[in-house]
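Take a look at the structure set out below.
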Amino acid sequence: MGNKFKLTILIMLGALSNAFSQSSSIASIKAKIDKDTILIGDQIFYTITVNGQKGVKFQFPAVTDSLGNGIDLVGKPSIDSVITDRDVTITLRYLVTAFDSGEHAMPVLPIVASLNGNADSLFATSSSLFVKTLPKDPNQKDIFDIKPPIREPIVFSEVAPWAGSGLVLVALIVLLIMYLKKRKQNKPFLNLFKPADPPHVVALRELQQIRDDKLWTSDNQKYYYTKLVDILRIYLEGRFGINAPEQTTSEILSEVNKINYSFNGLKDQLQDLLFTADLVKFAKHIPQIYENEQSLNFAFDFVDKTKPEEEVKTESSANDAEQNIVQETIDEQKKLN
C-alpha cells in the first residue's frame, strides 16, 4: 500500500506541475484563458501556444462557430508564429463567449505535431470557465406586461398618399371616358397632337412659298432647282412610298415606272424636270426664266393631279358646302329686301 500511495502522489504532483501544459519529445502545448469567471455574453480570449523543434509541423483542428461545451467562437482565430534557428512557436487566440450560465469545461483541441516521420498528439489541459448572470438591481421594479400601442391622431402626411392615389385614379377614369367619347365621334383627343398634314398639302404649301419668294427669277438657279426637286422627292416618298430623297434621277424614274398608277403623261414631264435640274446642278446649265416658271407650274400640276382622290372629293364637298351657304345667304337677303 505504501508504494501505491507514493506512486499516486507522484502522479498528482506531475499533473499539478503541468497544469496547463503537455510536452513530448517533439513539441509541447500550453493553454490559458484570460479570466475564469465572466458574465453571460462577455468575450474573452482562449490562447493555445505550441512549441516544437526546428522543422516540426503542426496540424490544427478545424473549428467553425463553436468550440463545444457551450463555448461559442466569435470570428476567426488569430495565428502568430515565431521561428528561430532552434525551435518553432505558434500561438492561436480564440475570441470566445458563452450564453448559458454555470460551469463550462474548456474544450480539449487535439493538435498533431510531426517531425522526421514521427507524429505526436498534443492535448492542452482542460480548464473551467464560470459564467454568471447579471445580479438583480435592488432598485429595479418588477417586470410587467408590455403596454399596448398608444393611439395617436391621424395626420395629413399619412392620408395624403391615399388621397393623391384616389385623385389620380379618378382623373384616369375621366380621361378614359373622354377618349372613348372622342374616338366614337372620330375627333382628336384633347387636340394635344395635331395630325400631320398630307404629303400633297405640304408640297403645295412649299411650292407656293417658292412662288411667293419668286425664286425662279433668282440668279442662283442651282438653289432654285435643288429646292424644287427636293419638294417633289419628299412628295413622292410620302405619296407613293418611294425613297426618292436618297435616290438618283434614274432610280426615281425607274421606281415611278413600277408604280401601278396612271400618271397620264406626267412621267415624261417629270423626267424632263429632273434632267433639267441635274444639268443646272452638275453641268452649269442656265435655263431661261420662263423655263424656270414652267418647271414650277408643272410641279404644282403634278402634285395636284396625283394627290389622293379622297382628298379631291373632300375638297369638292367642302366647296359645294361653302357655295350652298353663300347661296342661302343670298336668298335670305332677297327675302328681306
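If you take the residues of segment 71-87 that are free of Cβ contacts under 8 Å to residues at least 40 places away in the same chain and more than 45 Å from the chain's Cα centre (by Cα), which of them is most open to solvent (accessible area, probe 1.4 Å)?
My answer is Arg86.
With the requirement that a residue be in a strand (DSSP E or B), under 22 Å from Ala62 (Cα atoms) and not hydroxyl-bearing (Ser, Thr, Tyr), what does segment 94-117 give you?
Of everything in segment 94-117, those that are in a strand (DSSP E or B), under 22 Å from Ala62 (Cα atoms) and not hydroxyl-bearing (Ser, Thr, Tyr) turn out to be Leu95, Val96, His104, Ala105, Ile111, Val112, Ala113, Leu115.
Going by the conditions given, is Ile33 in contact (Cβ under 8 Å) with a residue 12 or more places away in the chain, open to solvent by 50 Å² or more (accessible area, probe 1.4 Å) and aliphatic (A, V, I, L, M)?
no
Of all residues in segment 256-295, which are surrounded by 15 or more Cβ atoms within 10 Å (Cβ to Cβ) and small (Gly, Ala, Ser)?
Ala277, Ser295
Just to verify a result, which residue in segment 88-114, among those that are over 12 Å from Leu129 (Cβ atoms) and touching a Gly at 6+ places or on another chain (Cβ under 7 Å), is most open to solvent (accessible area, probe 1.4 Å)?
Going through the qualifying residues, I end up with Phe99.
Quick one: what pairs do we get from segment 98-126, first residue in contact (Cβ under 8 Å) with a residue 24 or more places away in the chain and over 23 Å from Ile44 (Cα atoms), second among the basic types (Lys, Arg) and not in a loop (DSSP other than H, G, I, E, B), C-beta under 8 Å, 6+ apart or different chains?
Between residues of segment 98-126 that are in contact (Cβ under 8 Å) with a residue 24 or more places away in the chain and over 23 Å from Ile44 (Cα atoms) and residues that are among the basic types (Lys, Arg) and not in a loop (DSSP other than H, G, I, E, B), the close pairs are Ala113/Lys57; Ser114/Lys57; Leu115/Lys57.
For segment 215-244, how many residues are surrounded by fewer than 12 Cβ atoms within 10 Å (Cβ to Cβ) and free of Cβ contacts under 8 Å to residues at least 24 places away in the same chain?
Of the residues in that region, 3 qualify.
The values are calculated or read from the model by the stated rules, or taken from the named source; none is laboratory data. Not measured: the values here are computed from a predicted model. Note: ideal-geometry Cβ built from the backbone for every residue, glycine included; neighbour counts use all protein chains shown. Please note that ligands, DNA and RNA were not included when accessible areas were found on the heavy atoms of the full protein model with its side chains. Shrake-Rupley method; radii C 1.70, N 1.55, O 1.52, S 1.80 Å.
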